[in-house]
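The numbers here are math on the coordinates, done by the rules we state, and not lab data. Since we're looking at a predicted model, the values are computed, not measured. Positions of Cβ are generated from backbone atoms using ideal geometry, with glycine treated the same way; all protein chains shown enter the neighbour counts.
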Amino acid sequence: MKKNYSAFDRFLHWALAFTFLVVMLTVFLRLTWMEKNNVAEIIVDSLRAIHIDIAYDKAIKIAKNIRKPMFEWHITIGYFVTGIFVLRMMFHIFNKGNYNPKSVKEAFQAWVYRIFYMLLGFTLITGLLIKFGPESIKDTAETIHKLTLYYAIAFMILHFSGILIGENTTAKGVVSKMIGGDKKN
């Protein structure tokens, strides 16, 4: 893959990485600690401890209201991911579209990134459809959008594994170059 990373390329990489991780954090929280049934149970148990009974369906409504700001962050950061994605695609098309892998390893890396960006685009489109699309497709878009979590996890594992392997074999310094650029030039 490319050995020298421009400041703009590095900015796009880290902006996408940071915003993507924030979005993934909101997903993780929604599926674990902040899952509506967990929060509702805490509400019911906490109120019961002070001798107040509440119907479970009302506790669910309260739980959803507690989680609402987190979901709003998910959406807002999702807009940033979309903007960064568009910039990254434009940057790639105008600056790096002529990339020709020189080995099987480089070709594999290139295809992993192409698949990642294709699936990320699909994730962003389904997210936008959930928010702005016709009501008739929102359930389908939401189901697909939720399923995209799995490719993201697989990509992160591949990406970090590749970094570790590269730093310990033939691509020493790639992390430093991605953070501070190539200081040799």
Checklist line | the chain: equivalent-ellipsoid semi-axes (sqrt of 5 x gyration tensor eigenvalues, Cα, Å) | finding: 40, 19, 14
Notebook entry, point to check: Among 107, 122, 59, whose Cα lies farthest out toward the positive end of the dipole of the stretch 7-180, if unit charges sit on the beta carbon of Lys, Arg (+1) and Asp, Glu (-1)?
Noted result: 107
Notebook entry, point to check: Which value, in debye to the nearest 20, gives the size of the charge dipole of the chain about its Cα centre, when Lys and Arg are +1 and Asp and Glu are -1 at the Cβ?
Noted result: 760 debye
Next item on the list: Please turn the phi angles of the stretch 14-25 into ³J(HN,Hα) values with the Karplus equation 6.51 cos²θ - 1.76 cosθ + 1.60 (θ = phi - 60°), one per residue in order, whole Hz, x for glycine and proline.
Entry: 6, 5, 5, 4, 5, 5, 4, 5, 5, 4, 5, 4
Checklist line | Selected from 39, 69, 132, residue furthest toward positive end of dipole (the stretch 22-138; charges at beta carbon) | finding: 132
Item checked: Relative contact order of the chain, defined on C-alpha pairs under 8 angstrom at six or more residues apart (%) -> 27 percent
Notebook entry, point to check: Which value in deg cm²/dmol, rounded to the nearest 500, describes the helix-derived mean residue ellipticity at 222 nm for the chain, given -39,500 (n - 2.57) per DSSP H run of n ≥ 4 and division by the residue count?
Noted result: -26500 deg cm²/dmol
Margin query: List the pairs from 61/131; 131/177; 105/146; 64/131; 146/177 whose alpha-carbon separation is above 26 Å, in the order I gave them.
Written below: 131/177; 105/146; 146/177
Item checked: Sequence ranges 47-57, 133-143, 8-18, 77-87, ranked by mean other-Cβ count within 10 angstrom, highest first -> 77-87, 8-18, 133-143, 47-57
